[in-house]
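See below for the structure under consideration.
The values are calculated or read from the model by the stated rules, or taken from the named source; none is laboratory data. For clarity, every value in this text was computed on a predicted model and none was experimentally measured. Counting neighbours? That spans all protein chains shown, and the Cβs are built from the backbone with ideal geometry, glycine included.
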């Protein structure tokens, strides 16, 4: 059966437990960011996508987000530097957002442990589907 967009039932995000929850997805791979945006929007989240580190840092420091999904390998400022600046009280006031690292970059155990101390979560992209990412966020206290 071929469903046309006009025959599809829209999702009522006003009744979603995540209605109004805003996510900044910092991801430079367009295909991946689109997959995340679709899954998270379907789950009721509001999504902003940013592919540039400098722009992502400015958006994150605005404190307009509940969650920041932060890739480590992005242009201009990498995710590790963004995380460092977000956690430095001299550069960023305390954020309400949870910062979740989402990467495929292999890290030495000591580097990963240091990142995990600063972040609120650490996810390997290859080990999680966009739907599972939405479920992970559903289970976080936001």
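One residue stands out among those in region 100-142 that are touching a strand residue (DSSP E or B) at 6+ places or on another chain (Cβ under 8 Å) and part of a helix (DSSP H, G or I): the one that is modelled with the lowest pLDDT, which is 112. Of the residues in region 22-41, at least one is modelled with pLDDT of 95 or more, part of a loop (DSSP other than H, G, I, E, B) and under 20 Å from residue 136 (Cα atoms).
Within region 42-54, the set of residues being within 20 Å of residue 66 (Cβ to Cβ) and under 12 Å from the mean Cα position of the chain (by Cα) comprises 45, 46, 47, 48, 49, 50.
The number of residues in region 52-68 being farther than 15 Å from residue 96 by Cβ and either touching a helix residue (DSSP H, G or I) at 6+ places or on another chain (Cβ under 8 Å) or assigned to a loop (DSSP other than H, G, I, E, B) (or both) comes to 4.
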